[in-house]
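Since the structure comes first, as structure tokens, the remarks are kept for the end.
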Amino acid sequence: MSDTALVVRERAGLRGALGAAGPLVALLALVLLGAAVNPAFLGPDNISNVLTRSAIVGIIAVGTTFVITAGGLDLSVGSMSALIAGLMILAMNTLLPFLGAGWTTVLLGMGAALLLGLLCGGLNGLLVVKGGVDAFIATLGTMGVFRSVLTWVANGGSISLDFGLRSVARPIYYGGVFGVSFPLLALLAVSVLGEVALRRMRFGRHVAAIGSNREVARYSAVRVDRVRVLTYVIQGVCVALATLIYVPRLGAATPATGLMWELEAIAAVVIGGTALNGGFGRVWGSVVGVLILGLIQNILNLSNLVSPYLNGAFQGAIIIIAVVLQQRRKPR
Amino acid sequence: MALLAVQGLRKSFETTEVLKGIDLSVGRGEVLALVGENGAGKSTLMRVVGGYTPPGAGTLAFEGGPLPGGVDAAEARGIVLVHQEFNLAPHLSAAENVFLGRERMRGPFIDRAGMERDTRQALTLLGCSAPPRARLADLAVSDWQMVELAKALNRRPKLLLMDEPTAVLSAPECERLFACIEAFRANGGSVVFTSHKLDEVKRIADRVAVLRDGEIVRIAPAGALTEHEMATLMVGRPLSDLYPEKPGRLSDAAPLLEVEDLRSPGHVRGASFALRPGEIVGIAGLVGSGRTECFEALLGLRPATAGRFRLRGAERALPGAREAWTLGLAYLTEDRKGKGLLLDKGLRENLLLTDGALSGGPMIDDNAERVVLEEAVAVFSIRARDRGAPVRALSGGNQQKLLVAKTLRPGPELVVFDEPTRGVDIGSKQGVYRVIAGLAAQGRCCVVISSEMAELIGLCHRVIVMRRGRTVGEVAGERMTEQEIVRFAMGLEEAAYV
Ligand SMILES: Nc1ncnc2c1ncn2[C@@H]1O[C@H](COP(=O)(O)OP(=O)(O)OP(=O)(O)O)[C@@H](O)[C@H]1O
Ligand SMILES: [Mg+2]
């Protein structure tokens with residue numbers, strides 16, 4: 001008995017490995033498909049374009065991974081991004097006469113964005129955790145509130161960033177080092193941090209424990225409320241970070257900014273292998289999920305097989321398929 | 001002709017063989033007990049017979065014919081299994097659970113009234129007063145067991161398989177269960193059950209099959225084996241005394257914790273006691289007397305107020321859950337599946353859920369954690385071949401041992417053990433008792449809540465009795481007898497108790 005017990009195995013097995021690699025296999029298949037459809041697909045311009053665009057939703061999806069792993073849900077990320085974009089631009093435009101069109105103004109705008117993300121995420125977290133409102137309803141509500149406030153502030157139109165500031169801030173989205181764009185670098189940094197926090201830190205273990213069984217976590221002296229609120233705050237900060245990188249490209253916030261990003265973020269997380277009901281999550285999977293969604297859109301644009309207008313339909317279908325596959329894999 | 005005949009049954013999970021050629025038969029009207037250590041394969045054997053998992057090799061015959069696979073086929077032939085872990089829907093009512101999947105119809109509508117009437121009848125027969133309409137989540141664990149039984153009997157079985165039916169029941173409830181088994185048998189029904197309580201095995205079984213490491217090492221009439229012989233056969237070596245010597249107690253030590261007039265809405269209506277370092281205090285009481293709730297309230301796990309609370313002599317407010325843990329007050333829950341362990345996670349994540357890291361910082365130290373896990377596996381003799389596999393794959397008793405190990409991390413000063421040996425085999429029970437006595441000997445304080453009188457008397461220095469949410473009495477020394485405890489628990493003796 002004790003001899004066999006000595007063989008300590010940490011869950012390998014062919015099936016486990018395949019399940020883990022699933023999203024990567026899908027990503028590879030898409031790359032091959034893209035190359036077959038259009039030779040321009042593998043060109044450096046196209047690839048870097050896709051990656052940089054994916055980076056924005058990718059950063060948001062890292063936060064979403066935390067929320068969903070803890071058994072929560074945040075539908076408000078798209079609206080939150082629109083609101084943050086609008087108020088950030090407004091802040092910078094207001095500071096412009098005093099501080100001039102320079103980095104000070106831009107940095108203060110970025111700071112305001114992060115602060116706002118923190119507050120919005122905190123609001124969601126408190127509503128769900130302290131207010132006891134179901135996450136779906138609470139964030140559906142704030143989703144409406146955030147976008148509506150932006151629309152009101154913009155008076156139904158758009159809030160444009162001053163042209164002088166726009167050229168100052170331009171490198172944040174378009175610049176880079178060693179040919180790697182800043183948005184991509186930011187995604188890399190955020191996802192590495194996220195992966196470490198979720199897998200290698202006590203905090204991540206508590207997040208997964210709460211998603212797996214909240215009562216067990218509570219009886220194990222885990223600070224359940226605090227950790228749950230924190231996941232929403234992380235989500236808010238991720239949204240703010242993505243938004244402040246995206247604003248220089250956008251130039252203006254409109255009521256349509258960030259529309260349907262919640263769908264993309266949640267789809268990416270589920271495709272990546274995070275359990276939709278919580279209890280297990282992986283950040284790298286979500287990033288791969290975002291890339292998969294980005295590639296699909298890109299391939300639709302490059303080929304004339306299917307209209308790119310159907311992109312949303314593809315995303316919707318993929319999230320459903322991913323969930324079906326997840327449930328198959330579970331026992332029972 | 002035997003009702004059930006099992007021949008050469010084998011079963012493996014991945015590479016490990018759990019059942020190694022079982023031959024067994026059950027006659028009509030017979031009650032057969034399966035006993036064995038945790039992980040011996042009792043539950044697996046029952047699940048194969050009940051159609052929940054396919055056999056690896058061997059034959060199963062029922063009423064002379066072969067038994068097709070699958071739960072539905074087994075139930076159609078009259079074989080019903082009551083699982084060790086509950087298989088109920090917490091948000092449905094008792095009646096809905098009893099009739100789940102077999103709803104009685106009146107025309108196109110569900111015959112709710114009829115189902116509730118029958119459920120009430122079935123539960124009354126089992127001596128359970130739970131209302132058929134009550135949501136299961138609002139009922140006590142012991143009621144869950146009775147609902148499970150009512151559900152099984154409602155399927156009109158010829159062979160009833162019961163996996164540790166008495167693990168969550170207190171003595172009077174067990175009596176009613178036994179009476180029901182007796183009645184079932186008198187009507188020609190057969191029963192196979194498992195239990196770690198060897199005294200009840202001797203009482204109600206006709207024959208006993210002893211399982212060790214997936215093999216039957218002995219089948220004999222219950223009268224032909226003493227409890228001690230059964231235990232020896234189970235573990236494969238002679239067993240010494242079940243209870244360790246009680247560690248010496250400093251009765252003049254200053255109390256670690258004192259509480260007066262502890263209350264928690266609906267369950268606890270005034271509990272007062274003091275707990276000293278180095279003592280083992282038993283908590284007795286009928287099911288529903290508020291024993292569990294009292295200590296959950298004390299340790300911040302449910303809303304509570306107290307007239308006065310003192311910790312190490314200093315008066316303070318009742319702690320919250322996290323605070324209690326930091327103060328060195330730990331609670332081992334009686335609800336292993338719902339509140340104790342993350343069934344989908346591995347041993348390591350469970351054992352180190354709270355303090356994880358070990359490094360003191362926020363990062364997890366894999367190597368240090370592995371060492372701690374191996375230590376715990378050795379100390380508590382947890383049988384788990386695959387350390388990374390989810391805890392769900394462990395046998396019930398081994399899950400319980402893991403839960404004990406987890407609760408004792410990193411080194412609490414007061415440990416409340418709520419039914420610590422539920423579903424634990426006799427050898428490992430001895431192990432758990434040693435651990436408790438060892439903690440007390442180190443000067444820590446142990447509280448043991450248990451429905452097993454023998455356990456309380458054998459293990460504890462003194463026993464506090466609760467009744468209807470109040471502490472009503474205390475027995476120690478000479479007066480610590482079953483009769484005395486029961487007198488308090490039933491309210492026959494209303495001594496003034498402070
Ligand atoms: N689904 C499974 N996958 C892998 N191993 C399993 C599975 N189910 C049971 N086992 C293993 O089979 C062995 C026998 O388990 P079983 O549950 O039958 O024990 P048991 O005799 O009922 O123990 P207990 O008294 O603790 O309930 C254990 O070592 C257990 O880890
Ligand atoms: Mg078992």
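The values are calculated or read from the model by the stated rules, or taken from the named source; none is laboratory data. Everything numeric in this text was worked out from a predicted model, so none of it was measured. Glycine also receives a Cβ, built like all others from the backbone with ideal geometry; neighbour counts cover every protein chain displayed. Surface accessibility is based on the protein's heavy atoms, side chains included, excluding ligands, DNA and RNA. Shrake-Rupley method; radii C 1.70, N 1.55, O 1.52, S 1.80 Å.
At a 1.4 Å probe, which residues in the stretch A:197-214 are at least 20 Å² less accessible with all protein chains present than in their chain isolated?
Those residues are A:Arg200, A:Met201, A:Arg202, A:Arg205, A:His206, A:Ala209, A:Ser212, A:Asn213.
Restrict the search to the stretch A:100-179; then list the trypsin sites (Lys or Arg not before Pro) that DSSP places in a loop and that have at most 16 other Cβ atoms within 10 Å of their Cβ.
Counting only loop positions with at most 16 other Cβ atoms within 10 Å, the trypsin sites (Lys or Arg not before Pro) in the stretch A:100-179 are A:Lys130.
Tell me the carbon and sulfur percent of the accessible area for the stretch B:339-422, rounded to whole percent, probe radius 1.4 Å.
Whole-percent figure for carbon plus sulfur exposure: 51.
Which of A:Ala70, A:Ala26, A:Ala112 moves the most in a Gaussian network model of chain A with Cα springs under 10 Å?
Looking only at A:Ala70, A:Ala26, A:Ala112, the biggest GNM fluctuation is shown by A:Ala26.
Over the stretch B:295-452, what is the percentage of antiparallel beta bridges among all DSSP beta bridges, to the nearest 5?
That works out to approximately 25 percent antiparallel.
Probe radius 1.4 Å, ligands and nucleic acids ignored: give me the carbon and sulfur share of the accessible area of the stretch A:44-324 as a rounded percent.
Carbon and sulfur: 69 percent of the exposed surface of the stretch A:44-324.
Given the pairs B:Lys345/B:Lys406; B:Lys197/B:Lys401; B:Lys197/B:Lys429; B:Lys42/B:Lys197; B:Lys20/B:Lys345, which are separated by over 20 angstrom at their Cα positions?
In this structure, B:Lys20/B:Lys345 lie more than 20 Å apart at Cα.
If a/c stays under 1.5 just call it rounded; otherwise compare a/b with b/c (prolate if a/b is bigger, oblate if not). Do that for chain B, with a ≥ b ≥ c from the square roots of the Cα gyration tensor eigenvalues.
The shape class here is prolate.
Which parts of the stretch B:340-373, residue by residue, lose 40 Å² or more of accessible area when the rest of the protein chains are there, as against the chain isolated (1.4 Å probe)?
Correct list: B:Leu342, B:Lys345, B:Leu353, B:Thr354, B:Pro362, B:Met363, B:Ile364.
Farthest toward the dipole's positive end in chain B, which of B:Val192, B:Pro420, B:Ala61, given Cβ charges of +1 (Lys, Arg) and -1 (Asp, Glu) about the Cα centre?
B:Ala61
For the stretch A:44-324, with equal point scatterers placed on the C-alpha atoms only and solvent neglected, what are the log10 I(q)/I(0) values from the Debye formula at q = 0.07, 0.08, 0.09 1/Å, to two decimals?
Each listed q corresponds, in turn, to -0.25, -0.32, -0.41.
Taking a ≥ b ≥ c as the square roots of the Cα gyration tensor eigenvalues, with a/c under 1.5 meaning rounded and otherwise prolate when a/b beats b/c, else oblate, which class fits the protein assembly as shown?
Since a/c reaches 1.5 and a/b is larger than b/c, the shape of the protein assembly as shown is classed as prolate.
Antiparallel as a % of all DSSP beta bridges within the protein assembly as shown, to the nearest 5?
Bridges in the protein assembly as shown are about 60 percent antiparallel.
Run the quick spin-label model on B:Phe178 and B:Thr124: label points 7 Å from Cα toward the beta carbon, then report their separation in nm to one decimal.
Each label point is offset 7 Å from its Cα along the Cβ direction, giving 2.5 nm.
Determine the sum of side-chain charges near B:Gly313: Lys and Arg each +1, Asp and Glu each -1, restricted to other residues whose C-beta is under 13 angstrom from that of B:Gly313.
So the environment of B:Gly313 carries a net charge of +3.
Taking 8 Å as the Cα distance limit and 6 or more residues as the minimum spacing, I'd like the relative contact order of the stretch A:44-324 as a percentage.
36 percent
Based on DSSP, what percent of beta bridges with both residues in chain B are antiparallel, to the nearest 5?
Rounded to the nearest five, the antiparallel share is 55 percent.
Given a 1.4 angstrom probe, what's the average accessible area per residue across the protein assembly as shown, in square angstrom?
42 Å²
Indicate the gyration tensor shape class of the stretch B:181-226 (rounded, prolate or oblate), computed on the Cα atoms with a ≥ b ≥ c the square roots of the eigenvalues: a/c under 1.5 is rounded; otherwise a/b larger than b/c is prolate and the rest oblate.
In terms of gyration-tensor shape, prolate.
Can you compute the charge dipole magnitude of the stretch A:44-324 about its Cα centre, using +1 on each Lys and Arg Cβ and -1 on each Asp and Glu Cβ, nothing else charged? Give it in debye, rounded to the nearest 20.
Dipole of the stretch A:44-324, to the nearest 20 debye: 620 debye.
Round to the nearest 10 and give me the degree value, 0 to 90, for the angle of helix B:141-154's Cα axis relative to the longest principal axis of chain B.
10 degrees
Chains B and A: buried accessible surface, both sides, probe 1.4 Å, rounded to 100 Å²?
Rounded to the nearest hundred, the buried surface is 3200 Å².
Determine the gain in length on full extension of the stretch B:Lys158-B:Arg249; use 0.36 nm per residue of separation and subtract their C-alpha separation, reporting nm with one decimal.
27.4 nm
Using the reciprocal of the averaged 1/r over all distinct C-alpha pairs, how large is the Kirkwood radius of the stretch B:236-385 in Å?
18.4 Å
As a check on your grasp of the helix formula, calculate [θ] at 222 nm for the protein assembly as shown: sum -39500 (n - 2.57) over DSSP H runs of n ≥ 4, divide by the residue count, round to the nearest 500.
-15500 deg cm²/dmol
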